[in-house]
Amino acid sequence: MSDMNESLTIVEGCQSLPQLFRKRCAALGDGLAMREKEFGIWNKFSWDDYYNHARELGAAMMHMGLQPGDVVSIIAENRKEWLFFDMAIMCSGGITNGVYTTDAPTQLEHICVDSATRFLVVEDEEQLDKYLEVRDALPMVEKVIVLEDEGLKTFSDDKVMFIDDFYELGRAHLSEFAAEWDKRIDAVQPDDTALLVYTSGTTGAPKGAMISHANVLFQTKNAGVWIGDCWDEEIMSILPLCHIAERTFSVFLALHYRWVVNFVEAPDTSFENTMEVSPTVFFGVPRMWEKMYSGVVIKIKEAIWLGRFAYEWSLSVGERYEEAREESGNPSVLLRVQRWLAERLVFHNLKVMLGLDRARIMFTGAAPVSPDLIRWYRAIGLDLYELYGQTECSGITSSNRDGANRLGSIGQAVPYVEMKIAEDGEILYRGPHIFKGYLNQAEKTAETVIDGWLHSGDVGSVDNEGYFKITDRKKDIIITAGGKNITPSEIENQLKFSPYISDAVVIGDKRKFLTCLVMIDHENVLQYAQDLNVPFTDYASLCAREEVISLVNEEVEKVNQNFARVETVKKFTIIDKELTADDEELTATMKLKRSKVAETYKSLIDAMYA
């Protein structure tokens, strides 16, 4: 590593995450580090709690034989123990590997075998059952630690240990490993692997991306440029911690910038918990932002005429205000007065309803987003910025930010990162954030990083001011039977802007025309059907109703008006099953796997071309 790169990856004199963790906890002591809701009460945990829990877990693992470089895998929802174990593992010289709670037993088996996992942390009976189903294939797993014992009171197994007993073991050996704990923290090197992040497996078996301490510290140190002055903020931890984006915000940036991390009770209570906390920092994937927007639109439709009028007038003012701000940076006095009135009449209440009334730092990423969606948020006074990154770059590569924002783009490259467009249109980048490679897959690594440039797999363009725009995934571009190149994501993003459509997959490769598979927004379409007294019995029968098909057709036709004839969707079919992250068709961050959808619903697709 060059001297310049070294200076970019040292934070407050620390060259590794464990060193930064130790320093931060020593300085902040009894200051608030995190909250977790249990039985309706938000429990508080200090930086001392954070450090002491991690140290006890580290002592237990070292007593059981954990060596530097060993892998510990965690399969659990977001909770304080996830972070306690994460820091305990790294401080002990180990490597943390997160496993999605939606993964099947066979996927857990592949990841544990590929990573040579020595210890496995599971949340509850459901996750323990996955291990037990494939335990014969996992002789390398020496101990399984269970966080919740509900349903397991009488369970006994030599390889399985419950968290309370594990803490007790750590406390019993704390003094024995006190010196070793500090020694191992000091011994961690910048280029050591800090964590493994397995890809979603959309193009084959998941690959383990090796991310170093230097990679992570570069991202945390560099973040101040695109995130701004962000000390002592509050954030919600919602997306899976296995995902590099959530890990960056909820763990690494929170550690660096002294944020308070608030863990949602469950994924389906995330919006309710956000309203309770009202965070100042919020990162979400497009599906989350779309869901919040859809909820507002439906509530406005149900409001009395005066409420609808006030909203529509305020939104018009907000849109004109934002246009003036973008064009000249100086809206007229009249427009500023109107904007002030709109804030007090409508926008403040909307923000409170969304739990974003205190939010000042908001980003969307991990998937393409409709510019119209960002415009709506900005119109109501929420400056939402789009950023771009991948697992292989340890987080962020480019970002829009205050004073440098262009809707429809993924922003400019962050400092010390180079980006360019290859001859075939692929986005390439390089910098101190590039990962070490794929575990056990040197050939795949060599295909991805060539001469220091990471090949993103995304096709795009760049303007003369350095703003990059993604057209689509390279492998997803549709070439019709007539030879027309079409980027489906642009069409799909406009479809998803409808409050009645939660997702869409445009089909048409080597076909004469475009078709589309549509997932309805269950909650909003359900409300629509109830308002019109449309009879149905279950989700499938709701999707089959002529009134619902007509509703979706209207939304598709609205989008078709924005595209050339060859780019319009000629036919669509509603998927009559409500997909969740447990289904193979969706990633844990709620992105549809195009190839899997095409495979699963081949008969529906063929029927549209019959």
Could you tell me whether V197 is within 20 Å of N400 (Cα to Cα), out of contact with any Leu (no Cβ under 8 Å at 6 or more places or on another chain), surrounded by fewer than 23 Cβ atoms within 10 Å (Cβ to Cβ) and in contact (Cβ under 8 Å) with a residue 24 or more places away in the chain? no
Can you name the condition, by its number, that A442 falls short on among (1) hydrophobic (A, V, I, L, M, F, W, C); (2) closer than 30 Å to D191 by Cα; (3) within 25 Å of the chain's Cα centre (by Cα)? (3)
Name the single residue, out of those in region 223-249 being over 22 Å from G411 (Cβ atoms) and in contact (Cβ under 8 Å) with a residue 40 or more places away in the chain, that is surrounded by the fewest Cβ atoms within 10 Å (Cβ to Cβ). E234
Give me the residue from region 183-194 that is in contact (Cβ under 8 Å) with a residue 60 or more places away in the chain and open to solvent by 40 Å² or more (accessible area, probe 1.4 Å) and, out of that set, nearest to T96 (Cα to Cα). D192
Please verify whether A179 is modelled with pLDDT of 95 or more and surrounded by fewer than 17 Cβ atoms within 10 Å (Cβ to Cβ), treating the condition exactly as stated. yes
Within region 375-387, residues touching a residue at least 60 places away in the same chain (Cβ under 8 Å) and among the hydrophobic types (A, V, I, L, M, F, W, C) come out as W376, A379, I380, L384, L387
Test result for E599, under 29 Å from the mean Cα position of the chain (by Cα) and surrounded by fewer than 13 Cβ atoms within 10 Å (Cβ to Cβ): yes
Identify the residue in region 348-387 that is among the hydroxyl-bearing types (S, T, Y) and open to solvent by less than 10 Å² (accessible area, probe 1.4 Å) and, among all such residues, is modelled with the lowest pLDDT. S370
Is there a residue being modelled with pLDDT of 90 or more and surrounded by fewer than 17 Cβ atoms within 10 Å (Cβ to Cβ) anywhere in region 569-590? yes
Are any residues in region 542-577 of a type in the set (S, T, Y) and touching a residue at least 24 places away in the same chain (Cβ under 8 Å), and if so, which ones? T568, T573
Cβ-Cβ distance below 8 Å, separation of 6 or more or different chains: which pairs start in region 291-318 with a residue that is farther than 15 Å from L345 by Cβ and open to solvent by 30 Å² or more (accessible area, probe 1.4 Å) and end on one that is small (G, A, S) and not in a loop (DSSP other than H, G, I, E, B)? K291/S502
I'd like to know if region 434-447 contains one or more residues that are small (G, A, S), modelled with pLDDT of 95 or more and at positive phi. yes
What single numbered condition from (1) open to solvent by less than 10 Å² (accessible area, probe 1.4 Å); (2) without any contact (Cβ under 8 Å) to a residue 40 or more places away in the chain fails to hold for N273? (2)
Single match in V556, V548 (criterion: touching a strand residue (DSSP E or B) at 6+ places or on another chain (Cβ under 6 Å) and part of a helix (DSSP H, G or I)): V556
Condition (residue is surrounded by fewer than 21 Cβ atoms within 10 Å (Cβ to Cβ) and closer than 27 Å to S270 by Cβ) applied to region 208-222: is it met by at least one residue? no
Any chance region 164-175 includes a residue that's surrounded by 18 or more Cβ atoms within 10 Å (Cβ to Cβ) and touching a strand residue (DSSP E or B) at 6+ places or on another chain (Cβ under 6 Å)? yes
Sort through K153, K159 and tell me the only one that's surrounded by fewer than 16 Cβ atoms within 10 Å (Cβ to Cβ) and within 20 Å of I89 (Cα to Cα). K159
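The values are calculated or read from the model by the stated rules, or taken from the named source; none is laboratory data. Given the structure is predicted, the values throughout are model-derived calculations rather than measurements. Note: ideal-geometry Cβ built from the backbone for every residue, glycine included; neighbour counts use all protein chains shown. Just so you know, the surface numbers come from the protein's heavy atoms only, side chains and all, with ligands and any DNA or RNA stripped out. Shrake-Rupley method; radii C 1.70, N 1.55, O 1.52, S 1.80 Å.
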